[in-house]
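A.B. asks: Before anything else, here's the structure in question.
Computed from the coordinates by the stated procedures, all read-outs in this text should not be read as laboratory data. Note that this is a predicted model, so its numbers are computed, not measured. Neighbour counts are summed over all protein chains in view; Cβ atoms, including those assigned to glycine, are modelled from backbone coordinates with ideal geometry.
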Amino acid sequence: MISEQELKLLEIFVKKHVLNKLEIKSILNENGGSVISSLLEKGLITKVSLLGETTYAITQKGRKYFEEITQ
């Protein structure tokens with residue numbers, strides 16, 4: 001089971017596929033770090049480093065999980 005904030009962020013990942021830390025912080029305010037950590041731990045998103053910038057992308061598991069819980 002995931003929290004409301006995790007679900008909100010996962011929904012945005014489904015639409016955008018990739019988000020950077022600034023985008024995530026603007027969406028979740030101060031709770032961004034713990035939500036990211038939780039989604040990473042569950043394997044629903046993954047960390048990607050491009051040219052020194054850390055970004056996060058939804059995984060196939062994350063997309064499938066989102067589709068299952070929103071049907």
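A.B. asks: Six or more apart or on different chains, Cβ under 7 Å: which pairs go from a residue in the range 29-47 that's on the phi < 0 side of the Ramachandran plot and without any contact (Cβ under 8 Å) to a residue 40 or more places away in the chain to one that's outside any helix (DSSP H, G or I) and charged (D, E, K, R)? Could you list them?
C.D. replies: Within 7 Å, the pairs are L40/K47.
A.B. asks: Restricting attention to the range 1-28, which residues are in a helix (DSSP H, G or I), among the aliphatic types (A, V, I, L, M) and free of Cβ contacts under 8 Å to residues at least 40 places away in the same chain?
C.D. replies: L9, I12, L22, I24, I27, L28
A.B. asks: Right, next: Given the structure, is E41 exposed (fewer than 12 other Cβ atoms within 10 Å of the Cβ) and of a type in the set (D, E)?
C.D. replies: It is true that E41 is exposed (fewer than 12 other Cβ atoms within 10 Å of the Cβ) and of a type in the set (D, E).
A.B. asks: Then there's this: Which pairs have Cβ atoms under 7 Å, sit 6 or more apart or on different chains, and link a residue in the range 58-71 that is assigned to a helix (DSSP H, G or I) to one that is surrounded by 10 or more Cβ atoms within 10 Å (Cβ to Cβ) and acidic (D, E)?
C.D. replies: F66/E11
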